[in-house]
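Novice: The structure under discussion is supplied below as structure tokens; questions concerning it will follow.
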Amino acid sequence: MKEGKGELKKRVVILGSTGSMGKQVLDVINKERERFEVVGLAGKSNLELLQKQAEEFSVPVVALADEEKAEKLRKRLKRREVYGGKKGIIEVAKFTPADLLICCIVGKVGLIPIIEAIKSGKNVALANKESLVIAGNILKNEAIRKRVKLFSLDSEEIAIFQCLEGYNIKDVEKIYLTASGGPFWKWKGNFEDITPAQALSHPRWKMGPKISLDSATLINKGLEVIETHYFFGIEIEKIKIIIHPDSIVHSLVEFIDGSILCQMGITDMRLPIHYILNYPERRRAPLPFLKLDTIRKISFEPPDFQKFPGLRLAYWAGKEEGTLPAVFSAADEVAVEAFLKRKIKFPQIVPLIEEVMKRHKILSNPSLEEILNADEWARKEAYQLLERGYL
Ligand SMILES: NC(=O)c1ccc[n+]([C@@H]2O[C@H](COP(=O)([O-])OP(=O)(O)OC[C@H]3O[C@@H](n4cnc5c(N)ncnc54)[C@H](OP(=O)(O)O)[C@@H]3O)[C@@H](O)[C@H]2O)c1
């Protein structure tokens, strides 16, 4: 903590600050500057935006995964430390003194910087759900070992976290993860005809391409099932998905006495971001409030596993554990990319992931190295299947 105007400022590092989630974190901090100081930023290749963010928030340490662009940035940002490459992202995560690191990098590439941040003794909030899915137990154990706080920064996870405060996970009957249903919940057309543009236009949330597409297949919700399983240490069978197109109930916890608690709020990621930044305090958010008297109905529906078969794969991966969640997540990353590049059609996404999962020999209680190997294997397998035109 650093002394600000009469109060201590929380020092925050944001990895993936140039993406949708990262920009929202900076937006919240911008409105609460007396409380927070941004001490490190990192992105992959968006040099212009990273420079702008570094200047606007007077950030002393920044990194870009793209080495060439990092070199250019180094010339432009004279009195700041600029790191480049994969190693550079890790250096920012590891060596920047901070009270909280928020990882908004998309995909498995976020994993190693997160582990290094935890090892260096920082509290960590993970928007990067893929890392929890891939290596949930490793991250949790490392956080316990280093006595740091680990948060999962998803609207659903933050909702569950709040509902569970003061309660014992043993007293939970079920957790209901709410899902908007994405753009194709009520879609009447042929799934074969879905274009990347249609798949990326989420009805409720404005997000980056990977999570938007995962929301269209509902695999995003499947990833959250596994994330919830690891993060809260609850059996996979107790985690249910419930379609809630209104997106104002962010998740629910049912207890063994039949009581159900939920967290509601506006459909805006800045609300959970504000919560985590200020945790354990609850502070007034500079955001609009949910106007309950304007809401006429709140609806819930069961999910459709036939129409969205990726959900079945997620439960399978979460139940098996070991290296299967890493394989599920890696194959999904390849399938998302292939669909966005128009190499496969929308209904081929799930079969590609499933085929890779079927071919995998699961290792239980894997080490980090074994998880990374499984991830690499799954990517190669998926690319080979694509090349061979397996689908
Ligand atoms: N967006 C949301 O509202 C939301 C909500 C809940 C959870 N999440 C989760 O948050 C994560 C980010 O989602 P997003 O929607 O913000 O994605 P996004 O808009 O695509 O942003 C991804 C960020 O990761 C950076 N990045 C990508 N590869 C990198 C690498 N190799 N090294 C360093 N940085 C890298 C990008 O940098 P460049 O821009 O410079 O390329 C960008 O800053 C995902 O795991 C997602 O599931 C997002």
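The values are calculated or read from the model by the stated rules, or taken from the named source; none is laboratory data. All values derive from a computational prediction rather than experimental measurement. Methodologically, a virtual Cβ is constructed for each residue, glycine included, from the backbone with ideal geometry; neighbour enumeration extends over all protein chains shown.
Novice: What helices (runs of 4 or more DSSP H), lying completely within the stretch 62-146, carry at least 3 residues that are outside the structural domain of S329 (by TED's automatic domain parsing), within 16 Å of the ligand (Cβ to nearest atom) and crowded, with 23+ Cβ neighbours inside 10 Å? Full working, then the answer.
Specialist: Working: elements: 67-76, 85-95, 111-119, 129-146.
Here the list reads 85-95, 111-119, 129-146.
Novice: I need a count of the residues in the stretch 178-222 that are of a type in the set (A, V, I, L, M, F, W, C), within 18 Å of K343 (Cβ to Cβ) and either in a loop (DSSP other than H, G, I, E, B) or in the same structural domain as G43 (by TED's automatic domain parsing) (or both).
Specialist: 1
Novice: What about H244, is it in contact with a helix residue (DSSP H, G or I) (Cβ under 6 Å, 6 or more places away or on another chain), farther than 23 Å from E320 by Cα and of a type outside the set (D, E, K, R)? Give the steps one after another, and end with the answer.
Specialist: Values: in contact with a helix residue (DSSP H, G or I) (Cβ under 6 Å, 6 or more places away or on another chain): no; farther than 23 Å from E320 by Cα: yes; of a type outside the set (D, E, K, R): yes.
The answer is no for H244.
Novice: Mind checking which residues of the stretch 215-269 are within 16 Å of the chain's Cα centre (by Cα) and among the hydrophobic types (A, V, I, L, M, F, W, C)?
Specialist: A216, L218, I219, L223, V225, I226, F231, F232, M269
So that you can scan it fast, the table gives a plain yes or no per residue for (1) in a strand (DSSP E or B); (2) within 15 Å of the ligand (Cβ to nearest atom):
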| position | (1), (2) |
| --- | --- |
| M21 | no, yes |
| N30 | no, no |
| V39 | yes, no |
| A54 | no, yes |
| S58 | no, no |
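Novice: Tell me, which residue of the stretch 228-250 that is part of a helix (DSSP H, G or I) and β-branched (V, I, T) is farthest from the ligand (Cβ to nearest atom)?
Specialist: Once the filter is applied, the top-ranked residue is I236.
Novice: I'm trying to understand the selection: among the residues of the stretch 187-204, which are touching a residue at least 40 places away in the same chain (Cβ under 8 Å) and among the basic types (K, R)?
Specialist: Of everything in the stretch 187-204, just one residue is touching a residue at least 40 places away in the same chain (Cβ under 8 Å) and among the basic types (K, R), namely R204.
Novice: Also: Given the conditions (1) in contact with a helix residue (DSSP H, G or I) (Cβ under 8 Å, 6 or more places away or on another chain); (2) farther than 21 Å from T18 by Cβ; (3) not small (G, A, S), which single one is not true for P97?
Specialist: In the conditions (1) in contact with a helix residue (DSSP H, G or I) (Cβ under 8 Å, 6 or more places away or on another chain); (2) farther than 21 Å from T18 by Cβ; (3) not small (G, A, S), P97 misses (1) alone.
Novice: While we're looking at this one, here's another question. When you check S45 against the structure, is it surrounded by 24 or more Cβ atoms within 10 Å (Cβ to Cβ), within 14 Å of the ligand (Cβ to nearest atom) and of a type in the set (G, A, S), yes or no?
Specialist: Details: surrounded by 24 or more Cβ atoms within 10 Å (Cβ to Cβ): no; within 14 Å of the ligand (Cβ to nearest atom): yes; of a type in the set (G, A, S): yes.
For S45, the condition - surrounded by 24 or more Cβ atoms within 10 Å (Cβ to Cβ), within 14 Å of the ligand (Cβ to nearest atom) and of a type in the set (G, A, S) - is not met.
Novice: While we're here: Identify, please: which residue in the stretch 195-214 is of a type outside the set (A, V, I, L, M, F, W, C) and near the ligand (Cβ under 9 Å from one of its atoms) and is, among those, surrounded by the fewest Cβ atoms within 10 Å (Cβ to Cβ)?
Specialist: Looking at the filtered set, the residue picked out is K206.
For (1) of a type in the set (S, T, N, Q); (2) within 26 Å of I241 (Cα to Cα); (3) exposed (fewer than 14 other Cβ atoms within 10 Å of the Cβ), each residue gets a yes or a no:
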| site | (1), (2), (3) |
| --- | --- |
| L287 | no, no, no |
| D293 | no, no, yes |
| V327 | no, yes, no |
| W377 | no, no, no |
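Novice: Quick test for you: out of P286, P272, pick the one residue that is modelled with pLDDT under 95, outside the structural domain of Y167 (by TED's automatic domain parsing) and under 28 Å from P203 (Cα atoms).
Specialist: Exactly one of P286, P272 is modelled with pLDDT under 95, outside the structural domain of Y167 (by TED's automatic domain parsing) and under 28 Å from P203 (Cα atoms), namely P286.
Novice: Checking V225 against (1) touching a helix residue (DSSP H, G or I) at 6+ places or on another chain (Cβ under 6 Å); (2) away from the ligand (no atom under 13 Å from the Cβ); (3) assigned to a helix (DSSP H, G or I); (4) more than 21 Å from F184 (Cβ to Cβ), only one condition comes out false. Which one?
Specialist: Of (1) touching a helix residue (DSSP H, G or I) at 6+ places or on another chain (Cβ under 6 Å); (2) away from the ligand (no atom under 13 Å from the Cβ); (3) assigned to a helix (DSSP H, G or I); (4) more than 21 Å from F184 (Cβ to Cβ), only one is false for V225: (4).
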